[in-house]
Each structure stands twice: as structure tokens, then as C-alpha cells.
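The values are calculated or read from the model by the stated rules, or taken from the named source; none is laboratory data. Note that the structure is predicted; figures quoted are calculated from it, not measured. Here Cβ is always computed from backbone atoms with ideal geometry, including for glycine, and neighbour counts include all displayed protein chains.
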Amino acid sequence: MEEVAEFTYLGSVQSTTGRCQRIDIASTVMQSMNRVWRQSRLQLQTKLHFYQTCILSIVLYGSEARTLLQEDLRKLEAFHMRCQRMILVIRWHDFIRNTEVADTTNLPCIKNIITRRRNSLFGHVVRLDDKKRQLIAHCHRSRQSKLAPALPVGAGEQVAHATRGFNKSPTAHLLAFAPSGCGSGFAVVGTPGLG
């Protein structure tokens, strides 16, 4: 497989420098909706629904399948907080703490949203029968030669292997779908009773 400095994945350019283009795209949309955020006749809940639908869906698109570093999470959290401040029309010189902003909007942090999405994705994979899981792993292997991999190399096989045996009782275990290492694949964590 060829090593490249950048590639397009899920509509954004992923690069070795770590710059997240999805934040740039979402920031542009956020600025274009500035009249909505400043609209005094709209209730806060309506603005937050707009934000979750139009902005968070852009910035978090495909995040459940990407390996995110701590630096990426920090940038996403900073963007999330900046957007909430814009919605609440809080200026930088107002000196209002992030915890107060989060309490006012009552939105979960980005890390929790991504964790929930990963768990949901893992739940879907767990409920697949073995034939469908093998088909997904096969499609992943065949795509690797044509495109940059959507999952780290070998992740399809790891998911298929790690989820084997969960079909009978997927709710019997506390499951979490988390990246292991830096792009080395996925691991099943927090599964009591598995040996």
C-alpha cells in the first residue's frame, strides 16, 4: 500500500499535519447562519436544534469510524464551545466560564457524542450475522487497494473476530467501540465475562 501525505475521506482531506478540514467546513456554515444565531425571536432550544442538525452533523460526519487523537478532540471541543458562545451571543470579554455555557445549553461534550456514535455503530456490527460481517470485511479489503482505507488496516477482520459470539446476547455485555493505539485497529473494551 502506498503511503501518502493526504487523502480525501468522507468529503474532507485528511493529512499527516493533523489539520481537520471538517472544522473549517462547519465553521463556514456556522458563520453563514450568523443571522439565525442573532435572531432574538427564536428560542434557545430552536437555535440549538439548528446547531445540532446543521453544524454538528457536518463536523462529526464519520467520526465514529475515524481514529481521533487527543489533539483532534481538543480542537473539536474548542470549536463546539466557540459555537455555543456564538449562539448565546457571549463575547470573549464577558468572562463567562465554559461550564456555565455548557450548563445553559445543556449539550453533551463532543467526546460523549462520538462515544455514543461509536457504541451505536458497534451495536449494529454486533447484531449482524456472520455472513454479513464477512462481506463487510471482504469489501473493506477490496477497497483498500483502490482508496485510502475507511478503517485502519485490518480493522474489518478485527471487528468480525471481536464480535463473533455476541449474536446470541448483544445486551449481556457492556460494549464500547474504541480506537486502539494510533491507527492500529479497533478493540473491544469493557466486556465483562469475556475471556
Any residue in the range 49-73 that's within 20 Å of Met86 (Cβ to Cβ): show its pairings with residues that are surrounded by fewer than 18 Cβ atoms within 10 Å (Cβ to Cβ) and of a type in the set (D, E, K, R) at Cβ separation under 8 Å, as long as the two are six or more apart or on different chains.
Leu60/Arg117
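Consider Arg164 carefully, then state whether it is out of contact with any His (no Cβ under 9 Å at 6 or more places or on another chain) and modelled with pLDDT of 65 or more. Lay out the reasoning, then the answer.
On the way: out of contact with any His (no Cβ under 9 Å at 6 or more places or on another chain): yes; modelled with pLDDT of 65 or more: no.
Judged against the criteria, Arg164 is not a match.
Looking only at the range 89-100, decide whether some residue is under 13 Å from the mean Cα position of the chain (by Cα) and either in contact (Cβ under 8 Å) with a residue 12 or more places away in the chain or surrounded by 14 or more Cβ atoms within 10 Å (Cβ to Cβ) (or both).
Within the range 89-100, the subset under 13 Å from the mean Cα position of the chain (by Cα) is none.
The answer is no; no qualifying residue exists.
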Inspect all residues belonging to the range 96-115 and state whether any of them is in contact with a strand residue (DSSP E or B) (Cβ under 9 Å, 6 or more places away or on another chain) and assigned to a helix (DSSP H, G or I).
yes
Those residues that are within 24 Å of Thr8 (Cα to Cα) and surrounded by 15 or more Cβ atoms within 10 Å (Cβ to Cβ), I need them from the range 25-58; list them, please.
Ile25, Ala26, Ser27, Met30, Cys54, Ile55, Leu56, Ile58
Flagged in the range 55-74 as of a type in the set (Ser, Thr, Tyr) and in contact with a strand residue (DSSP E or B) (Cβ under 9 Å, 6 or more places away or on another chain), in numbering order, are Tyr61, Thr67
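Taking the range 49-69 only, how many residues are assigned to a helix (DSSP H, G or I) and modelled with pLDDT of 90 or more? Give the derivation first.
Keep residues of the range 49-69 that are assigned to a helix (DSSP H, G or I), which gives 49-59, 63-65.
Narrowing the set further to residues that are modelled with pLDDT of 90 or more leaves 49-59.
Of the residues in that region, 11 qualify.
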